[in-house]
Amino acid sequence: MTPPAPNAASRPLRIVHVVDSLEVGGLERVTVDLAQAQAALGHDVRVFSIAATEGLKKELLDAGIPVTEGHKRRSLDWHTLSLLRACVRGAAADVVHAHNFVPNYHAALATLGLGVAQVCTLHDMGARLQNRRLKSLFQLSLTRTRCVAMVGEQVRQRHVASGLVPAHKAHTVLNGIPVARFSTGSADRSAARQQLGLDDADTVIGCVGRLVPLKNHHRMVDVFPTLLQQHPRLRLVIVGDGVQAEALRQQVAAKGLQQHVILAGQRSNVSMLLGAFDVFALPSQTEGLSIALLEACATGLAVVATRVGGNTEIIVDGQTGLLIPPDDNEALASALMRMLADPALRRRLGDAAAQWVRAHASSEALAQAYGRVYEAALASR
């Protein structure tokens, strides 16, 4: 009897991750955590950033994971492509793992003739693919991509149904986080609140994410005066930075909420700051499988999130959080008011959410899942 073929991911692999940059964001966070989990399993892991970057780069370097920067200056930068090709050849890579659209077509071009197995992860619902040139280049690159992982079933269904990704290449892989990093006690809570200038007696709603239109942070400011009428010690903390930062500052000032709303900017210690919150809000118009949401759940926070994208794969309404329609201020205010009025509900939902993340969305589970995707890609040579 012929013995079964070995599991390709059970042996050490040489893996190169390709990202746009390592500036702080959900995609970048999950890539860094995945790279570290893979290195811990004995794989040789490197990361190539198409753009010059800082952000999370130091974390990788401190973990002994090499980072190469492509210093991209134009749409298709041949110098960047040559650096990526040299990185892949220097690593003698088995797998090149590109994260989203631009990295995938760069990887496809840079690795022509090298015989590596190319894998792509789609981290969102593809709003950027309204750009026709980007969509065309990405679709072309898919002809050289052996497996495409989508971060959740909603993302997979969207891209397969649209015809973007062939069904035989499609895989569903839930994002994962290092869950041990996200636990909090009373001492951690006080320290986190001191960092943000909050009092222990305050009730705090927190948001974490890039300050961009699709994240809908302005809706939190819209509904805050209504919440404040019932909860005068209420504070809103928004962690993140982006193009909407100045507009949010102006909105807060126009409503006279400067003493109640903290725009905390980009922070490197989000795992610690989450402990300062009582409720986590994610009012986005669209999501893939939100790392910020997973982190909030792992911390044991009660969550109010919109019923979009992968949010419904993390939050079961009434069991691990509350789900509301997007772009609905009345529903947002009502759900938040319900959470604020019921500490027992917050504890129940937060505990259930933390248990779900620990069972289904750890970095270790993520690394194992990608091991299976890599095995399929290597077997398709």
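Determine whether residue 353 is closer than 15 Å to residue 296 by Cβ and at pLDDT below 95. Give the derivation first.
On the way: closer than 15 Å to residue 296 by Cβ: yes; at pLDDT below 95: no.
Taking the combined requirement at face value, the residue does not satisfy it.
What's the total number of residues in segment 343-365 that are open to solvent by less than 50 Å² (accessible area, probe 1.4 Å), small (Gly, Ala, Ser) and either more than 15 Å from residue 182 (Cβ to Cβ) or part of a helix (DSSP H, G or I) (or both)?
In the first step, residues of segment 343-365 are kept if they are open to solvent by less than 50 Å² (accessible area, probe 1.4 Å); the result is 345-346, 349-350, 352-354, 357, 361-363, 365.
Right, trim to small (Gly, Ala, Ser) and you get 350, 352-354, 361-363, 365.
Filter once more, keeping what is either more than 15 Å from residue 182 (Cβ to Cβ) or part of a helix (DSSP H, G or I) (or both): 350, 352-354, 363, 365.
Residues that pass the stated criteria total 6.
On the given criteria, is residue 84 touching a helix residue (DSSP H, G or I) at 6+ places or on another chain (Cβ under 6 Å), open to solvent by less than 10 Å² (accessible area, probe 1.4 Å) and part of a helix (DSSP H, G or I)?
On the way: touching a helix residue (DSSP H, G or I) at 6+ places or on another chain (Cβ under 6 Å): yes; open to solvent by less than 10 Å² (accessible area, probe 1.4 Å): yes; part of a helix (DSSP H, G or I): yes.
Judged against the criteria, residue 84 is a match.
Across segment 44-58, what is the number of residues that are surrounded by fewer than 21 Cβ atoms within 10 Å (Cβ to Cβ) and part of a loop (DSSP other than H, G, I, E, B)? Don't jump to the end; show me each part of the working.
Let us first name the residues in segment 44-58 that are surrounded by fewer than 21 Cβ atoms within 10 Å (Cβ to Cβ), namely 44, 51-55, 57-58.
If we keep only those that are part of a loop (DSSP other than H, G, I, E, B) too, we end up with 51-55.
Residues in segment 44-58 being surrounded by fewer than 21 Cβ atoms within 10 Å (Cβ to Cβ) and part of a loop (DSSP other than H, G, I, E, B): 5 in total.
If residue 330 passes every condition in (1) closer than 17 Å to residue 173 by Cβ; (2) at pLDDT 95 or above; (3) out of contact with any His (no Cβ under 8 Å at 6 or more places or on another chain); (4) open to solvent by 10 Å² or more (accessible area, probe 1.4 Å) but one, which one does it miss?
Going through the list (1) closer than 17 Å to residue 173 by Cβ; (2) at pLDDT 95 or above; (3) out of contact with any His (no Cβ under 8 Å at 6 or more places or on another chain); (4) open to solvent by 10 Å² or more (accessible area, probe 1.4 Å), residue 330 breaks only (1).
Only one of (1) more than 15 Å from the chain's Cα centre (by Cα); (2) farther than 19 Å from residue 225 by Cα is not met by residue 293, so which one is it?
Against the list (1) more than 15 Å from the chain's Cα centre (by Cα); (2) farther than 19 Å from residue 225 by Cα, residue 293 comes up short only on (1).
Select from segment 310-327 the residues that are touching a residue at least 60 places away in the same chain (Cβ under 8 Å) and within 22 Å of residue 224 (Cβ to Cβ) and write down the one among them that is most open to solvent (accessible area, probe 1.4 Å). Walk me through it before giving the result.
Step one: of segment 310-327, the residues touching a residue at least 60 places away in the same chain (Cβ under 8 Å) are 310, 312-313, 326-327.
Next cut, within 22 Å of residue 224 (Cβ to Cβ) only: 326-327.
Details: 326: 49, 327: 72 Å².
Looking at residues that are touching a residue at least 60 places away in the same chain (Cβ under 8 Å) and within 22 Å of residue 224 (Cβ to Cβ), I get 327.
Would you tally the residues in segment 126-151 being buried (at least 23 other Cβ atoms within 10 Å of the Cβ) and either of a type in the set (A, V, I, L, M) or over 21 Å from residue 96 (Cα atoms) (or both)?
Going through segment 126-151 one residue at a time, the tally reaches 4.
In this structure, does residue 94 turn out to be of a type in the set (D, E, K, R), modelled with pLDDT of 95 or more, crowded, with 19+ Cβ neighbours inside 10 Å and out of contact with any Cys (no Cβ under 7 Å at 6 or more places or on another chain)?
Numbers: of a type in the set (D, E, K, R): yes; modelled with pLDDT of 95 or more: yes; crowded, with 19+ Cβ neighbours inside 10 Å: yes; out of contact with any Cys (no Cβ under 7 Å at 6 or more places or on another chain): yes.
Answer is yes for this residue.
Do we find that residue 15 is at pLDDT 95 or above, part of a loop (DSSP other than H, G, I, E, B) and aliphatic (A, V, I, L, M) in this structure? Walk me through how you get there before you give the answer.
Values: at pLDDT 95 or above: yes; part of a loop (DSSP other than H, G, I, E, B): no; aliphatic (A, V, I, L, M): yes.
No, not satisfied.
Out of segment 296-309, which residues are open to solvent by less than 10 Å² (accessible area, probe 1.4 Å) and under 17 Å from the mean Cα position of the chain (by Cα)?
296, 297, 298, 303, 305, 306
Pick from segment 13-32 the residues that are of a type outside the set (Gly, Ala, Ser) and open to solvent by 10 Å² or more (accessible area, probe 1.4 Å): which of them is farthest from residue 100 (Cα to Cα)? Lay out the reasoning, then the answer.
Keep residues of segment 13-32 that are of a type outside the set (Gly, Ala, Ser), which gives 13-20, 22-24, 27-32.
Next, only the ones that are open to solvent by 10 Å² or more (accessible area, probe 1.4 Å) stay: 14, 20, 23-24, 27-29.
Values: 14: 20, 20: 8, 23: 15, 24: 16, 27: 9, 28: 11, 29: 14 Å.
That would be 14.
Which numbered condition trips up residue 285, out of (1) in contact (Cβ under 8 Å) with a residue 24 or more places away in the chain; (2) more than 16 Å from residue 215 (Cβ to Cβ); (3) surrounded by fewer than 19 Cβ atoms within 10 Å (Cβ to Cβ)?
Every condition holds for residue 285 apart from (2).
The values are calculated or read from the model by the stated rules, or taken from the named source; none is laboratory data. Keep in mind that this is a model prediction, so the values were computed, not measured. For neighbour counting, all protein chains shown are included, and Cβ atoms are generated from backbone atoms with ideal geometry for every residue, glycine included. For the accessible areas, the whole protein counts, side chains as well, though only heavy atoms, and no ligand, DNA or RNA atoms are used. Shrake-Rupley method; radii C 1.70, N 1.55, O 1.52, S 1.80 Å.
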